[in-house]
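Participant: To start, I am sharing the structure in question, which I have written as structure tokens.
The values are calculated or read from the model by the stated rules, or taken from the named source; none is laboratory data. Please read these numbers as outputs of a predicted model, since none were measured by experiment. Don't worry about glycine lacking a Cβ; one is built from the backbone with ideal geometry, like all the others, and counts go over all protein chains shown. The protein model used for the area step is the full one, side chains on, heavy atoms only, and it has no ligands, DNA or RNA in it. Shrake-Rupley method; radii C 1.70, N 1.55, O 1.52, S 1.80 Å.
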2 protein chains.
Amino acid sequence: MWVILARCRPVVNRRVGWVGGTIAGVPPRAYRRLENEERRRQLVERATELFGEYGYEELSMSRIAREAGISKPLLYHYFPGKRALFAAALQSAAEELGAATTPDPSRPPAEQVAASLLAFLDWIDRHRAAYGKLLRSLAVAEVRELIDDVRDRTVQQILDGLNPQGGGDGPAARAAVQGWLWSIDGACLAWIEGDLDLTPQQMQGMLLGGLGGALTGAGASLPAPA
Amino acid sequence: MWVILARCRPVVNRRVGWVGGTIAGVPPRAYRRLENEERRRQLVERATELFGEYGYEELSMSRIAREAGISKPLLYHYFPGKRALFAAALQSAAEELGAATTPDPSRPPAEQVAASLLAFLDWIDRHRAAYGKLLRSLAVAEVRELIDDVRDRTVQQILDGLNPQGGGDGPAARAAVQGWLWSIDGACLAWIEGDLDLTPQQMQGMLLGGLGGALTGAGASLPAPA
DNA sequence: TGGGCTTGCTGACCGACGGTCGACAGCGAT
DNA sequence: ATCGCTGTCGACCGTCGGTCAGCAAGCCCA
């Protein structure tokens, strides 16, 4: 009885007492003990599916725990917070994407960009729903830094490719490339959500045109046409 | 006593009783009664400042109410929800921006785009912090639809301007224009947060280049150079 | 077979959020 | 003076992300 009262009034402002697992005849849930690494893998896998289906905001930690058949504190035992869990799920999904889009460093930079872009668009074409959900979670503060990091690295990579050959690395080129990366997301969103009848190749052509035009407008240029 | 118990256990699942305003000798706060419209104006004004300073997520309704010197229920009396309050604040801010960027319909479409874009960039240059906060709130679900609406209308406007003269209105052109709108935000973010040393005119040149390139890549084109 | 020991795992809890309920009180009309 | 309108309030709800401290599965050693 005092338990209920203690729960009611947080007067003391800190934990007052502890009752123990089983009250009122409700038996604790049966559970399977798993190896640390195995549980972790299972959680990342399940979270990846769920985040891909519901996005970041629409999915609560309680729900993830329930869907994975475990308790919420266990989820927090494996991941320090929702952001970290999302990061793990994102990284797991990004590995496949990353492997597919890593350019061949022996090709000219413009070709590398074109090839990466096409691989990226192909991947999106096969994972439309999940990509849309991800994009829509983009500015959620907890998620933003993750994506910002990836974008910053990509911007630098493209600028590095441009620089030696004769492209520019002024502030305008940097703004152009970052803007271009955003334009990819915006165009892909129109493509996916607007159900536009476009092949990845058509998207690639349009986007490469945009990059070339922006760089030209910024006083730089792509070293060679793709 | 039973009231406290009722608070503890939401068994009945609905309000059970009411105690009355002043308990335990805490006097209700003194307040000033304002005209409906005046209060509303005050709240929108204060909310606009606060959202511009803290963004959408980092600002709670409780905080807004506190900063405005009123209670939370009163805030909800004037606005049905946080999203609506944000919309009101956004609209109030957007009126100034909208007035500044409305193009002269008697000019050729390409000039209209160029002029609107430059006005937009000038405005951003003067409201850097608030624009950054807004952009960073962009995908917050509650806010998204608002911005999506504006973007959709802008896309259609640009496509309409393109169409009669000889530009295209295929799916590729639509994706190109929507992507271009995103690229504006991305480039502006790099401009603002990266403290890039660029004038609005340089940004304009770069962005118009991107639009032209993307449209060319999509098989359309800007009717006339700006 | 039965004790310990490790550590994977649990229910109950916290503060803050967005949002709602029904009573109170400022103030012009009478 | 008092009455009604309605602007305003404190207390409350359900859910969120996150935390606390004890329970117990399953291996080890007798």
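Participant: Assume the label is 7 Å from Cα along Cα to beta carbon: what separations in nm does residue A:34 have to the matching positions in the other copies?
Facilitator: Going from nearest to farthest copy, the values are 5.4 nm.
Participant: Residue by residue through A:196-206, how many Cβ atoms from other chains fall within 10 Å of the Cβ on average?
Facilitator: 5
Participant: Still on this model: Between A and B, buried accessible area summed over both sides at probe 1.4 Å, in Å² to the nearest 100?
Facilitator: In total, this chain pair buries about 3200 Å².
Participant: Near residue A:66, within a Cβ-to-Cβ distance under 12 Å, what is the net charge of the other residues, with Lys and Arg +1 and Asp and Glu -1?
Facilitator: Net charge around residue A:66: +3.
Participant: Averaged across A:81-92, how many Cβ atoms of other chains sit within 10 Å of each residue's Cβ atom?
Facilitator: 0
Participant: Give the calculated FRET efficiency between residue B:169 and residue A:32 to the nearest 0.05, with a Förster radius of 45 Å applied to their Cβ-Cβ distance.
Facilitator: Computed FRET efficiency for residue B:169 and residue A:32 comes out at 0.20.
Participant: To continue, here is another question. Sorting check: for A:186-198, B:103-115, which peptide has the highest mean count of neighbouring beta carbons within 10 Å, and how do the rest follow?
Facilitator: Listed from highest to lowest mean packing, they are A:186-198, B:103-115.
Participant: What average number of partner chain Cβ atoms lie no more than 10 Å from the Cβ of the residues making up A:49-58?
Facilitator: So the per-residue partner count for this stretch is 1.
Participant: If I model a spin label at residue A:197 and residue A:66 as a point 7 Å from the Cα along the Cα→Cβ vector, what separation in nanometres do I get?
Facilitator: With each label placed 7 Å out from Cα toward Cβ, I get 4.2 nm.
Participant: Express in whole angstrom the spacing between the alpha-carbon centres of region A:28-69 and region B:52-97.
Facilitator: 35 Å
Participant: Provide an ascending nm list, one decimal, of label-point separations from residue A:107 to the equivalent residue in each further copy; define each label point as 7 Å from Cα along Cα→Cβ.
Facilitator: Result, one decimal in nm: 4.1.
Participant: Suppose R0 equals 41 Å; then what is the FRET efficiency for residue A:40 and residue B:53 from their Cβ-Cβ distance, rounded to the nearest 0.05?
Facilitator: 0.55
Participant: Heavy-atom accessible area of residue B:147 with all protein chains present, probe 1.4 Å, nearest 10 Å²?
Facilitator: Result for residue B:147: roughly 30 Å² accessible.
Participant: I'd like the per residue volume of the convex hull spanned by the Cα atoms of region B:34-89, given in cubic angstrom.
Facilitator: 65 Å³
Participant: Also, quick follow-up: Find the accessible area per residue for region A:102-217; the probe is 1.4 Å, ligands and nucleic acids are left out, and the unit is Å².
Facilitator: In whole numbers, region A:102-217 has 40 Å² accessible per residue.
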